[in-house]
Amino acid sequence: MKKIFLLYFLLVSLLSFGQIDKDIPDQPGPPRLVNDFTGHFLTPEQNQALEQKLVAYDDSTSTQIAVVIVDDLKGHSRDDYAIALGRKWGVGGKQFNNGIVILINTGEKDGQSNRGLFIAPGYGLESAVTDLIASQIVDQIIIPDFKNGQNYRGLDEGTDALIQAAAGKFKAPEGYHQRGNGMGFGTILLVIIVVIIFVAFMSRGGGNNGGYVSRRGYRGGGWILPGGWSGGGGGSWSGGGGGSWSGGGGGGFGGFGGGSFGGGGAGGSW
């Protein structure tokens, strides 16, 4: 009975994660780092300026920051949606998992404004872009600009802060406490799956005493287990002092590298 329950639970969980993958938009072709699926959050000029900046940063450090703007989250929480998108698109490099997703949703829910954003760092950047730092960037840098209708400025300054954080140069001030955003259902479910599989694996008997539960690492689809990932930051970044950094020159974006995501990050609404 215990084995049947475990298999049933895993099946339901995998189907749940498969559903969110279906609700994530496919990458545009050719691939871009700035993807405004609403068509109105940024002007074409702002979209291109931010794209050039992030492409230049990717070229210099291999760290990829993807900005994705959608109207509707299809009933999913921001954190689940952002993390699932990062996995499906493979934001960041496969070796270092050094991608960051900035998800923005602009639609309504039950007739009420449902505008918000979530910053999700890849596995390899979770030690640099901590939940606390991501929360501060959301609350103190991006959202105040969004509230004033300065969408581009919020993303420009927010990506500047993330670039500094990835290089270890951005620190949340002492006394700053993260607002309780809570974990999404998908993240909680994932933790439960990991615990169940771990317990089943550790208690697996020899001989004919039960089956074998295999462990898989996540690389772009399905479900994940921690461990086996190669850390390493996104490389050093030598952008000067404060203020906005503007990338110059460089070619177009070459595509995402197969990075993987866990469950870190922070978000907010305005």
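The values are calculated or read from the model by the stated rules, or taken from the named source; none is laboratory data. Since the structure is predicted, the reported quantities are computational estimates derived from the model, not experimental observations. Neighbour counts run over all protein chains shown; Cβ positions are idealised from the backbone, glycine included.
Data for the structure
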item	result
Any hit, the range 31-44, residues being in contact (Cβ under 8 Å) with a residue 24 or more places away in the chain, of a type in the set (Val, Ile, Thr) and not in a loop (DSSP other than H, G, I, E, B)	yes
Total residues in the range 77-103, condition crowded, with 20+ Cβ neighbours inside 10 Å and outside any helix (DSSP H, G or I)	13
Residue within the range 15-26 that is of a type in the set (Phe, Trp, Tyr), modelled with pLDDT of 95 or more and either within 21 Å of Tyr123 (Cβ to Cβ) or exposed (fewer than 14 other Cβ atoms within 10 Å of the Cβ) (or both) present	no
Count of the range 51-67 residues which are crowded, with 23+ Cβ neighbours inside 10 Å and either among the small types (Gly, Ala, Ser) or farther than 19 Å from Ser135 by Cβ (or both)	7
Where a residue in the range 131-145 is under 15 Å from Asp156 (Cβ atoms) and its partner, wherever it lies, is hydrophobic (A, V, I, L, M, F, W, C) and surrounded by fewer than 20 Cβ atoms within 10 Å (Cβ to Cβ), with Cβ under 7 Å and at least six apart	Ile143/Trp270
